Amino acid sequence: MKQKITTLFISFLFLTQLNAEPKIQAPTAILMDYNSGKILFERDADHQIYPASMTKIMTAIIVFDLLKQEKIKLSDEVIISENAWRMSKSGYSSMFIMLNDKVSIEDLLRGIIVVSGNDACVALAEGIAGTETAFADMMNEKAEEIGLVNTNFTNSSGINDPDNYSTVRDIAIMSKYLIENYPSYYEYFKETEFTWDRTGGDPIKQGNRNPLLYKRIGADGIKTGYLAVEKYSLASSIVGENRRLIAVGSGFVTKQARSDESARMFRWALRNTNTYEIAKKDVPKFKFKTWLGKENIVEGLLKEDIYVTIQKKEVKDLKVKLEYNGPIKAPIKKGQQIGNLILESPNEEVKKFPIYASKSVKKVNFFKSLFLSFNYMIWGDV
């Protein structure tokens, strides 16, 4: 059998690159393609920042995780402690929960995600872990699990604490993790308002603080932040042109700058780059001839989604190749590696992904095997 390399011709439309990088003033920022994980732009992305209310992304992850494991339910109620109630009286962003009231986990989640209520954070943290300190321990365990290497949490809301810190890179990873693992709960992040029908008072209606939800750029989350020492920050995500993008920035000097510069990063990415789907996990896509098999063709699949993100002007230099020793000799077992997908994209190391047989192929009987072998020796045809 001969080693073969086949170049796959994939037709892509492309435009000329417009700008080398997005024009923003934020001192630390990062822009990521969700599917490929490609970092499209970064500026001092590992600089330590105070994440402020972007901390609430991890608070939501902990709650979503427990909901997913069915350890808690959205309808479960939490009794509001004095600690939680006092947060609503301290000038922080609040849901305005009442002392000793019983509030459902779902309402508290909306109070955290939509209106950025610090009081709701403390209430949920205490309801789940007993104390906010114990809840912060859960947050740090999860941070380590998902690969946040420059992050530490000391509270559930992001109120100012020198030991509550992160980076825009870690927050982008955290945001991607939430979107990927809890898609149904992520829907809360695009709600533009929440009305809390509180006990003993008139209903309180508040809008979502994420400014991009009100722009026509396809935004659907994720979380704002503000501290006087850090100024304005935003983790955000949009869906456009059949792809998802995630951006995180911190140190925006004004609310308007936070909105405009975040949107500018997304528009730059959509104008200048594109993401292409090469293969989907466990979906047969590649066909290989077999030798001495009861079936002439075996289809190959990959064990992961393969996407590539490149500058639009460089798409002509993208090469996708199949490497294999062919034809593939039977018997072939389902899950057996039968080749490799080779991806060559500009300014990137060559990547190789194993291809596996999508099903088993039995070998023909002795007499047919003998006939095919004889035919091959004479004609060189398989």
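The values are calculated or read from the model by the stated rules, or taken from the named source; none is laboratory data. Because the structure is a prediction, the values reported are computed rather than measured. Note that each Cβ is placed from the backbone with ideal geometry, even for glycine, and that neighbours are counted across all protein chains shown.
So here's what we get for this one:
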read-out	value
Filter result for the condition that a residue is among the aliphatic types (A, V, I, L, M) and within 24 Å of the chain's Cα centre (by Cα), over L109, L124	L109
Segments classed as strands (runs of 3 or more DSSP E), wholly inside the range 259-374, with at least 1 members that are without any contact (Cβ under 8 Å) to a residue 60 or more places away in the chain	286-291, 297-301, 306-311, 337-344, 351-357
Residues that are hydrophobic (A, V, I, L, M, F, W, C) and either surrounded by fewer than 24 Cβ atoms within 10 Å (Cβ to Cβ) or over 24 Å from S166 (Cα atoms) (or both), drawn from the range 220-242	L227, A228, V229, V239
Enumerated helices (runs of 4 or more DSSP H) restricted to the range 122-216, each holding at least 2 residues that are within 22 Å of R86 (Cα to Cα)	132-145
Some residue of the range 2-25 being more than 30 Å from N150 (Cβ to Cβ), surrounded by fewer than 13 Cβ atoms within 10 Å (Cβ to Cβ), at pLDDT 95 or above and basic (K, R)	no
Selection from the range 316-353 of residues that are touching an Asp or Glu at 6+ places or on another chain (Cβ under 6 Å) and either of a type in the set (S, T, Y) or surrounded by fewer than 15 Cβ atoms within 10 Å (Cβ to Cβ) (or both)	P346, V350
Filter pass, L245 being of a type in the set (A, V, I, L, M, F, W, C), surrounded by 17 or more Cβ atoms within 10 Å (Cβ to Cβ), assigned to a helix (DSSP H, G or I) and out of contact with any His (no Cβ under 9 Å at 6 or more places or on another chain)	no
Qualifying residue in the range 323-331 (condition: modelled with pLDDT under 90, within 30 Å of L245 (Cβ to Cβ) and in the same structural domain as K352 (by TED's automatic domain parsing))	no
Scope the range 76-112; condition assigned to a loop (DSSP other than H, G, I, E, B) and under 19 Å from E191 (Cα atoms); matching residues	S93, S94, M95, F96
Qualifying residue in the range 280-291 (condition: β-branched (V, I, T), under 18 Å from G339 (Cα atoms), out of contact with any Pro (no Cβ under 7 Å at 6 or more places or on another chain) and crowded, with 19+ Cβ neighbours inside 10 Å)	no
Members of the range 153-193 that are touching a residue at least 40 places away in the same chain (Cβ under 8 Å) and within 10 Å of P51 (Cβ to Cβ)	F153, G158, N164, Y165, S166, T167, V168, I171, M174
Residues that are of a type in the set (A, V, I, L, M, F, W, C) and within 25 Å of the chain's Cα centre (by Cα), drawn from the range 85-106	I105
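Listed here are the residues, each with its yes/no results for (1) touching a helix residue (DSSP H, G or I) at 6+ places or on another chain (Cβ under 9 Å); (2) within 23 Å of L212 (Cα to Cα).
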| residue | (1), (2) |
| --- | --- |
| Q48 | no, no |
| T55 | yes, yes |
| S104 | no, no |
| L109 | yes, yes |
| S116 | yes, yes |
| D119 | yes, no |
| V122 | yes, no |
| E126 | yes, no |
